[in-house]
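Written below as structure tokens is the structure these notes are about.
The values are calculated or read from the model by the stated rules, or taken from the named source; none is laboratory data. For clarity, every value in this text was computed on a predicted model and none was experimentally measured. Note that we place each Cβ from the backbone using ideal geometry, even for glycine, and neighbour counts take in every protein chain shown.
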Amino acid sequence: MMGKLSKPSQELASRILAEVGFEDRLIGYRLHMRLGAISTSLYSFEETLNLLCEQYPRMDFALLEKWILEVMGDKELSEKIKAIIKKDTSDQKKTYRIRDLMAERLAQCK
């Protein structure tokens, strides 16, 4: 385990709990049995986390890491995600570990 995240500042918590504008949205994909991957626009940290909690989420983790850093302003979380991307081999493992870290951060902010 990489360790817990430090307590976020009030400013960071506010950004993580807020919705972002159209230009700052993140694109993820839901896997549909008949239609394949369907793109979905994500306008918040929580929406992104909810996608990662689905059965077959698809996301560009490098883009997610960049979004967490640049849009959310969470340097610590982005560095931990970057380490997961480099270390873990399967997308499924990466998804679970990133999802758990994001869930921890969201709980801290609430």
(request) Give the stretch 38-73 a look and list any residue that's more than 20 Å from D91 (Cα to Cα) and assigned to a loop (DSSP other than H, G, I, E, B), or say none. (result) Y43, G73
(message) Residues that are more than 25 Å from E76 (Cα to Cα), of a type in the set (D, E, K, R), without any contact (Cβ under 8 Å) to a residue 40 or more places away in the chain and out of contact with any helix residue (DSSP H, G or I) (no Cβ under 7 Å at 6 or more places or on another chain): does the stretch 32-47 have at least one?
(response) yes
(request) Can you work out which of the residues in the stretch 14-37 that are outside any strand (DSSP E or B) and surrounded by 11 or more Cβ atoms within 10 Å (Cβ to Cβ) is farthest from the chain's Cα centre (by Cα)? (result) S14
(message) Being among the charged types (D, E, K, R), modelled with pLDDT under 95 and farther than 18 Å from G28 by Cα is the requirement here; does K87 meet it?
(response) yes
(request) Within the stretch 65-99, track down each residue that is over 14 Å from I16 (Cα atoms), of a type in the set (D, E, K, R) and surrounded by fewer than 15 Cβ atoms within 10 Å (Cβ to Cβ). (result) E79, K86, K87, D91, K93
